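Data first, discussion second: the structure below is written as structure tokens.
The values are calculated or read from the model by the stated rules, or taken from the named source; none is laboratory data. Just so you know, these numbers come straight off a predicted model, no measurement behind them. Because the Cβ atoms are built from the backbone with ideal geometry, glycine has one as well, and the counts that use them run over all protein chains shown. Ligands, DNA and RNA are stripped out before the accessible areas are found, and what is left, the full protein with its side chains, is counted by its heavy atoms. Shrake-Rupley method; radii C 1.70, N 1.55, O 1.52, S 1.80 Å.
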Number of protein chains: 2
Amino acid sequence: MCRPHNEIVHRIVVIGSGFGGLFATRALKRAPVAVTLIAATNHHLFQPLLYQVATGILSSGEIAPPTREVLRRQANATVVQGEVTGLDAGARTLAVLAPDGSAQTVPYDSLIVAGGMVTSYFGNARFERYAHGMKSIDDALRLRSQIFGAFEMAEWTADPQRRAAWLTFAIVGAGPTGVELAGQIGELAHRSLTKEFRNFSPAEARILLFDGGPRILPTFPERLSAKAARALERLGVELHLSTLVADLEETAITVTGPDGERRTVTAMTRIWAAGVRAAPLADIVAQATGAAADRLGRLAVAEDCSLPGHPEIFVVGDMMALKDLPGLAEVAMQTGRHAARVIAARLAGDERPKPFRYRDLGTMAAVSRTSAVAAFGNRGFSGRIGWLAWLVVHLAFLTGFKNRFTTVVHWAITFIGNAREERAFWS
Amino acid sequence: MCRPHNEIVHRIVVIGSGFGGLFATRALKRAPVAVTLIAATNHHLFQPLLYQVATGILSSGEIAPPTREVLRRQANATVVQGEVTGLDAGARTLAVLAPDGSAQTVPYDSLIVAGGMVTSYFGNARFERYAHGMKSIDDALRLRSQIFGAFEMAEWTADPQRRAAWLTFAIVGAGPTGVELAGQIGELAHRSLTKEFRNFSPAEARILLFDGGPRILPTFPERLSAKAARALERLGVELHLSTLVADLEETAITVTGPDGERRTVTAMTRIWAAGVRAAPLADIVAQATGAAADRLGRLAVAEDCSLPGHPEIFVVGDMMALKDLPGLAEVAMQTGRHAARVIAARLAGDERPKPFRYRDLGTMAAVSRTSAVAAFGNRGFSGRIGWLAWLVVHLAFLTGFKNRFTTVVHWAITFIGNAREERAFWS
């Protein structure tokens with residue numbers, strides 16, 4: 001370090017190791033600052049591929065690289081595993097709790113909040129209790145045990161009704177996560193598991209996808225939604241649109257269809273991909289700073305992603321409410337990077353306003369083994385071409401982290417060989 | 001099937017999906033029988049590589065292929081996930097409990113028992129409570145969280161004493177599992193994690209390996225034990241031999257050394273690799289058949305691996321007591337295959353006695369990234385040559401199950417690139 005000994009280094013604390021927090025930290029690599037990244041888990045999470053862990057394609061390590069390994073060459077960055085439990089915006093300190101229960105106070109000069117979203121059950125305790133969420137590695141592994149365990153139970157039972165119950169998979173929410181899960185469970189039932197059972201055919205499985213809206217993938221152009229719907233139907237997925245969940249139980253789901261009629265379906269696997277809200281950290285920040293939250297708990301920020309009245313605090317990624325920007329990895333990366341640049345510019349004496357401008361790089365969802373939809377501005381792709389676009393983008397992105405050979409091999413095994421290698425489960 | 005409709009097919013039940021059960025089942029592929037393999041987990045377990053899951057090298061799926069995928073092309077085999085809770089040797093039936101708590105009675109004509117071993121804490125509840133076992137995927141994943149979590153806590157704490165406690169890893173038992181774990185934690189501390197922390201050097205970690213006997217790897221020739229001991233010491237592992245564990249606590253281990261003195265070491269990670277005993281299934285079989293059990297609970301069998309007085313029941317693998325044969329994967333495979341052949345021969349009218357003869361293919365333990373010991377009869381190899389032998393044997397074996405490209409890639413990443421990719425953990 002060629003810095004004078006007594007120079008006070010600007011301390012930046014980043015909360016969260018998702019796309020927003022990680023890209024903010026990386027963008028500060030050459031800045032004359034000390035960055036501390038605080039996150040509750042020890043890993044980044046490549047959330048768009050979480051459904052592949054839940055369905056036995058990828059291992060947890062393949063979508064969750066250790067944060068400190070990703071940042072090990074960035075000398076000005078320190079990674080701390082802990083949960084932020086308090087913020088004193090006047091004193092500029094955070095209260096942080098370690099996994100062993102011990103607490104620390106961490107001071108900052110600038111703060112970047114990137115806490116992301118958690119599953120929202122709309123405050124319904126029965127929904128939370130009786131449906132699997134899909135936001136963390138832990139969620140995905142529990143769901144994986146549930147899905148493969150359901151097929152095990154179907155092989156075990158001799159009672160056709162019980163077997164049908166175990167072979168019914170109800171998914172609530174037809175956004176990308178719900179669609180991708182439905183598609184992959186369809187692939188399991190119709191392709192990957194076909195030769196593995198003796199007492200039933202996995203193709204008997206019913207996969208029900210429920211959504212309150214009139215079409216799947218509502219953020220995509222209508223034409224692509226329609227294509228994705230047909231691809232799902234070819235995999236045996238039943239679409240129940242304009243349909244609301246009325247109740248969930250330990251063994252069943254009750255819905256209200258477009259005709260207003262209530263119907264109960266026995267289903268041993270119920271998956272909740274219907275809603276998210278800002279992580280509890282957003283409440284802590286709102287209370288400490290007076291920041292306004294929208295109905296999902298996201299914090300309203302100024303044009304440069306900082307909090308009004310607190311130019312030293314930035315909120316980025318899914319936790320941020322700015323101009324109706326969607327909750328996409330790409331938005332998180334770009335806003336994380338933007339906040340870092342605003343801070344670096346200020347330290348260099350440049351105080352001009354820097355409004356964030358989103359560069360739309362498109363959005364995509366994989367529907368089946370060889371079919372995906374991809375929307376880039378006005379252009380849309382589907383089927384095999386969409387899938388190739390999906391593959392290229394995801395490979396490019398994963399290799400940005402490091403060479404992910406094992407991921408490529410697992411994809412080849414799954415997409416060409418039809419096998420699912422990652423599905424060991426235990427009690 | 002060209003079999004007449006009313007022919008009664010001989011029903012063979014195999015209990016256990018480890019090496020013994022799986023190889024017994026496979027050896028019956030062409031026999032005119034119906035095989036039902038019952039196991040409590042959904043996967044086989046390549047137990048010799050369990051330490052690589054615990055230390056972040058391999059994913060769980062890589063050492064635990066789904067049993068029904070391994071057997072999917074064997075039309076005469078049915079796989080059932082369940083736990084055997086009772087045996088009626090007169091009626092020739094088993095009581096089996098499914099993961100959902102429902103029970104079934106499964107009849108057999110021949111029975112092959114391959115239930116394996118569980119961790120034995122010698123009946124000491126404090127040992128069980130305060131030390132990690134290392135027998136299942138679940139054990140390995142919990143230990144992985146503990147090991148990588150300990151390094152996280154060392155980064156977090158500012159107190160040198162607490163840091164030292166988090167960086168102390170106590171391993172009880174210097175057989176292959178204890179030695180391989182100690183070696184890989186040494187690799188983590190001195191090679192893989194070196195650049196990842198800012199507040200301490202991972203090389204400060206203390207790795208203590210305790211054993212009651214006078215040397216490590218007691219089943220290997222003395223020369224190889226000495227070589228392995230030197231390789232461990234080069235990795236910073238402290239060997240405490242002729243040393244007995246007196247007590248375990250939540251944060252410490254107390255041992256009695258060769259001089260009879262008691263010493264307590266503060267260690268946040270305590271691993272138990274000191275003893276195994278037959279799984280509870282052995283007790284069920286002993287009670288139902290009057291079979292004799294040795295002090296590890298293993299069942300004494302006749303020369304052909306059948307139970308005396310019950311020629312239709314075979315016990316194979318680690319759960320079997322026969323001529324002091326060691327608890328090795330190779331013994332389990334060979335005895336499993338042997339029991340299958342005895343049954344098939346009987347069905348073909350051949351009732352001649354068929355004593356089991358063990359073909360000793362050697363035994364090996366990997367000490368570090370590039371060093372292993374391998375004993376083949378009178379010949380022994382160590383260092384790089386031993387490691388090459390280890391690699392060739394394990395690759396050959398794994399590819400026997402299926403193409404395990406991802407395993408090879410993960411090994412390359414670990415052994416050449418020094419990285420550990422599989423270490424995402426959660427609370």
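Observations
- Residue under evaluation A:L398, criteria (1) in contact with a Phe, Trp or Tyr (Cβ under 8 Å, 6 or more places away or on another chain); (2) away from every other protein chain (no Cβ under 14 Å), criterion not met: (2)
- Only one entry in A:I57, A:I8 is open to solvent by 20 Å² or more (accessible area, probe 1.4 Å), part of a loop (DSSP other than H, G, I, E, B) and farther than 22 Å from B:K195 by Cβ, namely A:I8.
- Residue match in the range A:208-223 (condition: within 14 Å of another protein chain (Cβ to nearest Cβ), open to solvent by less than 10 Å² (accessible area, probe 1.4 Å) and touching a residue at least 40 places away in the same chain (Cβ under 8 Å)): no
- Residue in the range A:257-265 that is open to solvent by less than 10 Å² (accessible area, probe 1.4 Å) and closer than 28 Å to A:L167 by Cβ present: no
- Test: B:A89 is within 11 Å of chain A (Cβ to nearest Cβ) and in contact with a Leu (Cβ under 9 Å, 6 or more places away or on another chain): no
- Each residue in the range A:94-109 was checked for being more than 8 Å from chain B (Cβ to nearest Cβ) and open to solvent by less than 30 Å² (accessible area, probe 1.4 Å), and 4 of them qualify.
- Verdict on B:W411 being more than 14 Å from chain A (Cβ to nearest Cβ), open to solvent by less than 20 Å² (accessible area, probe 1.4 Å) and either modelled with pLDDT under 80 or over 17 Å from A:E69 (Cα atoms) (or both): no
Rundown of residues vs (1) touching a strand residue (DSSP E or B) at 6+ places or on another chain (Cβ under 7 Å); (2) under 26 Å from A:A64 (Cα atoms), yes/no style:
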site	(1), (2)
B:I15	yes, no
B:H43	yes, yes
B:S59	no, yes
B:E62	no, yes
B:V80	yes, no
B:V96	yes, no
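- When the range B:146-165 is filtered for residues that are open to solvent by 30 Å² or more (accessible area, probe 1.4 Å), within 10 Å of another protein chain (Cβ to nearest Cβ) and either of a type in the set (D, E) or touching a residue at least 40 places away in the same chain (Cβ under 8 Å) (or both), the ones remaining, listed by number, are B:A158, B:D159.
- The residue that is nearest to A:Y121 (Cα to Cα), counting only those in the range A:166-199 that are within 14 Å of chain B (Cβ to nearest Cβ), in contact (Cβ under 8 Å) with a residue 12 or more places away in the chain and open to solvent by 10 Å² or more (accessible area, probe 1.4 Å), is A:W166.
- The range B:60-73, residues that are open to solvent by 10 Å² or more (accessible area, probe 1.4 Å) and more than 9 Å from every other protein chain (Cβ to nearest Cβ): B:V70
- Among (1) more than 23 Å from B:M117 (Cβ to Cβ); (2) small (G, A, S); (3) within 23 Å of the chain's Cα centre (by Cα) - the single one B:G16 does not satisfy: (1)
- Subset tally (residues that are farther than 23 Å from A:N76 by Cβ and crowded, with 24+ Cβ neighbours inside 10 Å) for the range A:11-46: 1
- Residue within the range B:363-376 that is open to solvent by 50 Å² or more (accessible area, probe 1.4 Å), of a type outside the set (A, V, I, L, M) and modelled with pLDDT under 90 present: yes
- Flag if B:I207 is farther than 25 Å from B:A374 by Cβ and either touching a helix residue (DSSP H, G or I) at 6+ places or on another chain (Cβ under 7 Å) or modelled with pLDDT under 95 (or both): no
- Of the residues making up the range B:101-117, one or more are in contact with a strand residue (DSSP E or B) (Cβ under 7 Å, 6 or more places away or on another chain), without any contact (Cβ under 8 Å) to a residue 60 or more places away in the chain and of a type in the set (V, I, T).
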